[in-house]
Structure formats: structure tokens, C-alpha cells
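Beneath this line is the structure, given in C-alpha cells, with notes to follow.
Values quoted throughout were computed directly from the atomic coordinates according to the rules given, and no laboratory measurement underlies them. None of the values given here were measured: they were computed from a predicted structure. Methodologically, a virtual Cβ is constructed for each residue, glycine included, from the backbone with ideal geometry; neighbour enumeration extends over all protein chains shown.
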Amino acid sequence: TQLLEQSPQFLSIQEGENLTVYCNSSSVFSSLQWYRQEPGEGPVLLVTVVTGGEVKKLKRLTFQFGDARKDSSLHITAAQPGDTGLYLCAGAVAGKSTFGDGTTLTVKP
Amino acid sequence: DTAVSQTPKYLVTQMGNDKSIKCEQNLGHDTMYWYKQDSKKFLKIMFSYNNKELIINETVPNRFSPKSPDKAHLNLHINSLELGDSAVYFCASSRVATGGNTIYFGEGSWLTVV
């Protein structure tokens, strides 16, 4: 049973398009993180959200934590080929972080 | 300097062999981890150590034996390798053991068992 489900699993878009990926769970998290993993590398933290309803922006990336702290979304505006990678959410519960099953994003030039 | 470094990066070996992956972090963190990422990119925690003490063991077969000589090092030894052990193994560290802290990952070790 997967604690954190991400959707879509795969996404292939053209440069300049907007997209949203989702991270959903039935569990309440004390915090939620988003990581990006590029091919041949380890995941790298993008953001941590802590408060229900919190919105954080990182250049063209907007992260939102659900009001009930059970879900999160990542919106990318005007995607670029450099955004290509595996996006992983990770929820903190019971003192440890659990990763979602990932969204593989491909942005074509 | 690389914050979390693991060696080797690539490892191809035959079934039944024993192999080790070494990991070191220079961030001064108390907590280190081993994660396994399968072919579907699912990243699953295997072990977590805090100040050299095992705190998480996620039902990993006992063929996998982590060893932490000090809090900057966490090595992974695998006995009697099986085909299903083929995966990418990531070493990682965080400042403390509580969830929600930033996890710093190494570049991964690609293990292929033939």
C-alpha cells in the first residue's frame, strides 16, 4: 500500500506549457517536501511546506500544501527543458519521511 | 567537496556474490540512510542510523547488513546477491532523525546482478 500517491505518473509536454502534479494521501503530515531528481543523480530538495494551506513560490514553481495537510500540488509555469526530471513528494509522519511514487516530467524543446 | 559521497557508482556482479557500497557525509549530520530505488523509480527507505545507532530497519532481508563505524560513515554490505537486488542504492543524510528535515542524497550506486 502506497502512503503517498502522485499523479500523473508520467507527463510529457512542450516547452512553454504549464503543468500541475499532485501528491495525495489519506494521512496527515506534519510537513511535506518536494524533491527533483535528474537522470543519474540523487534527489535534491526543492521546498518544504509546513502549514495547511501554505503556498510557496520558487521562480516558476508554485507549491501548495492542502488545508488538511494530506495533499500537495506543484505547478510549473512556462516549463523549460531544464525542468525535466523525476519529481518526488515526501511526507513526514511518525518521525520519518516517506516518499511518493514519483512523477516523471519530460519537457520537449 | 561532495556532501554525500558513495562508491562505487556502478557495480555489475554475479548472483551469489557478496558486495559492499561505502558512504561518507561531510555535513556533520547525525542521521544517515540507505534507500533503494527500483526500476519504477520508487524510492524506499531501507535503513536509518542516528549517531551510529540503527533506528529504522524496513523489513530488509538480513542479507543486507549496514555498518556505521562513526556518524559520518554508513556502509552497506550485501551477501548472496540475487537478481532482484538490482537497483540504484542511495546513501543520504539529514541533520537530525525527525521527519521533515532536508535529506541530502548521494549520487547513487547502480547495482546490476547478472
- Other protein chain Cβ atoms within 10 Å, averaged over every residue that makes up B:89-102: 4
- Rg and Dmax of the protein assembly as shown over Cα atoms: what are they, in angstrom? 17.6, 51
- Note on the structure: If each K or R counts +1 and each D or E counts -1, the residues other than B:Cys91 whose Cβ falls under 12 Å of its Cβ total +1
- Note on the structure: Among trypsin sites (Lys or Arg not before Pro) in the range A:36-109, those in a DSSP loop whose Cβ has at most 16 other Cβ atoms within 10 Å are A:Lys59, A:Arg60
- Under 15 Å from the 7 Å Cα→Cβ point of B:Trp110, by amide nitrogen: which residues of the range B:55-97? B:86-90
- Task: Among A:Thr51, A:Ile13, A:Ser25, pick out the residue whose Cα is farthest towards the positive end of the charge dipole of the range A:5-108, where Lys and Arg carry +1 and Asp and Glu carry -1 on C-beta, about the Cα centre.
- Result: A:Thr51
- With +1 on the Cβ of every Lys and Arg and -1 on the Cβ of every Asp and Glu, the dipole magnitude of the protein assembly as shown about its Cα centre, in debye rounded to the nearest 20, is 160
- Message: Students often get this wrong, so check it: of B:Lys19/B:Lys40; B:Lys22/B:Lys67; A:Lys96/B:Lys36; A:Lys57/B:Lys36; B:Lys36/B:Lys67, which have C-alpha atoms separated by over 21 Å?
- Response: B:Lys19/B:Lys40; A:Lys57/B:Lys36
- Rh_Kirkwood(the range A:5-108) over Cα pairs, Å, one decimal, evaluates to 13.6
- Query: Over the Cα atoms of chain B, how large are the radius of gyration and the largest Cα-Cα distance (Dmax), in Å?
  - Reply: 13.2, 38
- Query: Taking a point 7 angstrom from the Cα of B:Asn17 along the C-beta vector, which residues in the range B:71-114 have backbone N less than 11 Å away?
  - Reply: B:81, B:112-114
- Message: If the reach is capped at under 15 angstrom between alpha carbons, list the aspartates and glutamates near B:Lys41, excluding any in the same chain fewer than eight residues apart.
- Response: A:Glu5, A:Glu38, A:Glu41, A:Asp101, B:Asp85, B:Glu107
- With +1 on each Lys and Arg Cβ and -1 on each Asp and Glu Cβ, how big is the dipole of the range A:5-108 about its Cα centre, in debye rounded to the nearest 20? 260
